[in-house]
Amino acid sequence: MLPYVVFGVAVLVVAVVLERLSYRALERNPSVATEEFPGIGRELLGKFSSFDPELGWVPQPNREKQKDTGDHLPGEEVRSVVTYSTDEYGSRVCRATDRDEDAEVTVSTYGDSYCFCREVDDDETFQHYLAQELDTHVANYGGGNYGFDQALLRLKRQYPEEETDYVFVVVTASSIARILSVWKHYQEFGNILAVKPRYTLEDGTLKRIESPIEEKEDLLDLESKAEFLREHDFHYDHWFKPHHASRPYTADLLDDTENVRHALCEAGIEFEKRTGRAIPGIDFDDAKTRTELRMERPRVRYHERLFDTHERLFDALIEEFVDYADEQEFTPVFVMVQQLRYAKYEAEHGPIYGDLLERLDGKYDDLETIDMATHLSGGGDVESLYVERGEGGHYSPQTNKKIAQILAEVVEDDR
């Protein structure tokens, strides 16, 4: 009898250990949600310096931040740090040319992190190169994780303070998901501070739903807003719930081989950090990045479906942009750029946004559209268009220079 008891206890101990290890592995897995309402403490809240009650968050004026690109192995000297600087307007600094009210042409840009040009220095953004091409200041009002809706809201708030002849809105295809979001965590697990307004379409008319967070401290009790968040965020039912892990966590971990690969990569990275030495012949950071790109495929396909089911909302926001341009008398330009995860998928399956650009061209005579994927080939190697390490997926300085040349043609053709 005793051996059976010992065996049973041993099995129980192993099961408990596996459950704890599996939970920890899933916590670090970007494709799995382990909690609906992770705790937000005052220390984390204090770091949220970009909070904005109207937009959710926004780059603050007169700031300079330096970011380690990750271009080094554990224990090695940091080889590359990028600098993000903003001016008094909250625009990313344009080092090529100062503002000049008497300039022959003026340009501003709005959009997401691809507009902001994350992962490159201030003098490596496409705005910097565009300013050199046009010999004029180019404002950069991009915001990390912004959807087209937030870019439009920021434009309407900022434009009266800085009127320009041209306004470029630069976003990725993930905007289709972001315009359906109220709390980013429901679709980008772990992004727990990002609560935003959104628009809905009712009887063909845009209706704005304000953010439920009026003050930053409201985030400390976000669970009290649960009913509002679940009701107004499309992704709660359609993405979060299907990817919410539950006991037994070991089963969720082992259910997908990519989950196991990701856990092994995390373990390897942790080992190298703790020991201060790299394991010869294995680049765990690269392996992790490639694993996460594969794990992103279901999300890309999900976004592709959203363009089929919610194209009317996206089109209505475009129409709002065009109408505002007509009201303020500037030339509107809509630019679609590609995240790395989309570029690799679309190289095989075609653009997930379908004929969006063609439809916009046919509908709006005054709107210029640019599908950057048709201009940037990377010589067949799409990864060459992006930074090599770091957070991954943003354009390299060389690609930003090409983008600037393409955007400059729009302005020069009108001169």
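The values are calculated or read from the model by the stated rules, or taken from the named source; none is laboratory data. Please read these numbers as outputs of a predicted model, since none were measured by experiment. Every residue, glycine as well, gets a Cβ built from its backbone with ideal geometry; the counts of neighbours run over all protein chains shown.
Assorted remarks:
- Tally, over the stretch 10-20, of residues that are of a type in the set (A, V, I, L, M) and in contact (Cβ under 8 Å) with a residue 40 or more places away in the chain: 2
- Residue match in the stretch 4-17 (condition: hydroxyl-bearing (Ser, Thr, Tyr), more than 30 Å from Tyr141 (Cα to Cα) and exposed (fewer than 11 other Cβ atoms within 10 Å of the Cβ)): yes
- When we screen Thr369, Thr331 for residues that are of a type in the set (Val, Ile, Thr), more than 21 Å from Arg301 (Cα to Cα) and touching a residue at least 60 places away in the same chain (Cβ under 8 Å), the only hit is Thr331.
- Meets criteria (buried (at least 16 other Cβ atoms within 10 Å of the Cβ), under 25 Å from Lys184 (Cβ atoms) and either in contact (Cβ under 8 Å) with a residue 12 or more places away in the chain or among the aromatic types (Phe, Trp, Tyr) (or both)) for Phe234: yes
- Cross-chain or 6+ apart pairs with Cβ under 8 Å, the stretch 32-45 first and surrounded by 13 or more Cβ atoms within 10 Å (Cβ to Cβ), then basic (Lys, Arg): Leu45/Lys216
- In the condition set (1) out of contact with any Asp or Glu (no Cβ under 7 Å at 6 or more places or on another chain); (2) modelled with pLDDT under 95, Gln158 is compliant with all but (2).
- Residues satisfying the stated conditions in the stretch 90-123, i.e. out of contact with any strand residue (DSSP E or B) (no Cβ under 7 Å at 6 or more places or on another chain) and more than 18 Å from Phe168 (Cβ to Cβ): Arg95, Asp98, Asp100, Glu101, Asp102, Asp123
- Filtering the stretch 117-148 to residues that are under 30 Å from Thr200 (Cα atoms) and out of contact with any Ser or Thr (no Cβ under 8 Å at 6 or more places or on another chain) leaves only Arg118.
- Criterion violated by Ser246 - all others in (1) among the small types (Gly, Ala, Ser); (2) in contact (Cβ under 8 Å) with a residue 24 or more places away in the chain; (3) exposed (fewer than 15 other Cβ atoms within 10 Å of the Cβ) satisfied: (2)
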